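What follows draws every value from the coordinates through simple rules; no lab data is involved. Note that the structure is predicted; figures quoted are calculated from it, not measured. Glycine also receives a Cβ, built like all others from the backbone with ideal geometry; neighbour counts cover every protein chain displayed.
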Amino acid sequence: MENRDESADIAPMAAYEIDPQTSVPEVRIQAENEIPKTPGTYLLFLRFSGHARISVGRLGTSDFVPGFYGYVGSARGPGGLAARLRRHAVKTGSCHWHIDYLLPQSEIAGAVFAETKTRLECDWAGWAQNFARCEVTGFGASDCTCRAHLFFFGKIPDEVPLIQQARKDLHALYASRQLLLAC
Ligand SMILES: [Zn+2]
């Protein structure tokens with residue numbers, strides 16, 4: 001894991017506690033909380049509550065420090081965004097994509113997503129890069145020229161502003177883990 005900012009203005013571990021009550025205003029998603037079954041782009045938010053050393057397939061082993069992460073992906077297959085996001089949320093256990101290796105050891109906070117006809121994941125990765133402390137080099141970016149599609153946003157005590165910024169800048173909706181599971 002590459003770390004660009006070693007000046008450590010990150011809050012010390014003790015000051016970072018995940019607040020299970022933290023919530024982002026959820027958008028009423030179409031009919032009865034339905035996530036679109038159409039193709040789209042998404043930014044999945046993960047939390048690591050402790051250190052984790054994870055072998056990520058061919059990418060090798062990476063160390064994950066506690067904090068808040070974002071993974072950018074495209075849903076192009078059957079069932080579109082609904083199927084893909086639900087697959088992440090339920091943690092199927094199979095390891096098809098890099099992200100699958102992380103899911104057993106992290107907690108999904110939710111996702112922002114947008115119905116997009118074209119693949120915008122690399123554009124969204126560019127957005128995330130601007131807000132990230134560092135990226136996990138190569139992660140999720142095997143077939144593009146991005147440095148990564150997984151970003152570490154830091155040990156921020158309040159992730160809500162970041163999610164709200166993502167919604168605004170990416171013209172996206174937000175769904176909590178509960179909504180992802182309900183779709
Ligand atoms: Zn890319």
Checklist outcome for this item: Going through the stretch 45-85 in order, the residues found to be among the hydroxyl-bearing types (Ser, Thr, Tyr) and surrounded by 23 or more Cβ atoms within 10 Å (Cβ to Cβ) are Tyr69, Tyr71
Checklist entry - Got a number for residues in the stretch 115-152 being touching a helix residue (DSSP H, G or I) at 6+ places or on another chain (Cβ under 6 Å) and under 19 Å from Leu103 (Cβ atoms)? => result 5
Checklist entry - Of the residues Leu81, Leu102, Leu85, which single one is over 18 Å from Gln178 (Cα atoms) and outside any loop (DSSP other than H, G, I, E, B)? => result Leu102
Next on the checklist: List the residue pairs whose Cβ atoms are under 6 Å apart, where the first residue sits in the stretch 67-80 and is closer than 12 Å to Phe151 by Cα and of a type in the set (Val, Ile, Thr), the second is within 16 Å of the ligand (Cβ to nearest atom) and assigned to a loop (DSSP other than H, G, I, E, B), and the two are 6 or more positions apart or on different chains.
Outcome noted: Val72/His149
Checklist entry - From the residues in the stretch 120-170 that are in a loop (DSSP other than H, G, I, E, B) and more than 16 Å from the ligand (Cβ to nearest atom), which one is nearest to Thr61 (Cα to Cα)? => result Arg133
Item to check | Unmet criterion (only one of (1) more than 16 Å from the ligand (Cβ to nearest atom); (2) more than 12 Å from the chain's Cα centre (by Cα); (3) crowded, with 23+ Cβ neighbours inside 10 Å) for Lys117 | outcome: (3)
